[in-house]
Amino acid sequence: MFEIGPWPPAPIQTERLVLRESETRDRAAIVELLASPQVGTYVGGAQARDELESVLPAVPGQRPGFFVVELDGDLIGTVTLDHRESERPGGPEGGEISLGYLFLPKAWGRGYAAEACAAVLRWFAEALPGEPVALCTQTANERSLRLATKLGFSEVERFEKYGAEQWYGVWSAGPS
């Protein structure tokens, strides 16, 4: 875990979205998100719904760096900031903060991921000025690569993992 000051922050509002801490009412939508075959395409596959129902806590994702993305009162996705494990490929040392996101298929193609991720990156840059953020995705995930570029991530390297070519990039707002 990383130190980012008091958690949770006040909800982050964008033009169309609210990013906030997870609540009990989000559980069913998070199960739907993690069990979706479309969502799981580039992240190791869908998880079994019955297993998710039995293991997810009443308030899933209740931890620093986990944001629920809400549109008109409904969860449409999540954005996360996590420490990358140092033994994972990509990056010079590992241990850096990594951006992750998952959105329900009904929310794809409308710019919500870009809007939500940009808001989280702005928040992070204020919480930890100058700290870089990593992003890793399969090169086959063309939408994710376009989003990484749009958000300002710069490619550092490509490598093979999980039977697929992976793209690793870094973003930094620079010192404040």
Simple label model, 7 Å out from Cα along Cβ direction - Ala114 to Ala140, nm: 2.5
Over the chain: helical MRE at 222 nm, DSSP H runs n ≥ 4 each giving -39500 (n - 2.57), nearest 500: -7000 deg cm²/dmol
Formal net charge of residues neighbouring Ala125 (Cβ-Cβ distance under 15 Å; K, R +1; D, E -1): -2
Local electrostatic count, Thr139, Cβ distance below 13 Å [Lys/Arg +1, Asp/Glu -1]: -1
The chain - Rg and Dmax from Cα coordinates, angstrom: 15.7, 46
Computed FRET value (nearest 0.05) for Lys106 with Phe159, which takes r as the C-beta separation and R₀ as 30 Å: 0.40
Residues with amide H under 5 Å from that of Gln166, placed H, sequence gap 5 or more: Thr139, Phe159, Glu160, Lys161
Order of Asp82, Asp26, Asp50, Asp74 - criterion: other Cβ atoms within 10 Å of each residue's Cβ, fewest first: Asp50, Asp74, Asp82, Asp26
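Only the coordinates and a few stated rules stand behind these numbers; no lab work does. For clarity, every value in this text was computed on a predicted model and none was experimentally measured. Heads up, the Cβs are rebuilt from the backbone with ideal geometry, glycines too, and the neighbour counts pull from every protein chain shown.
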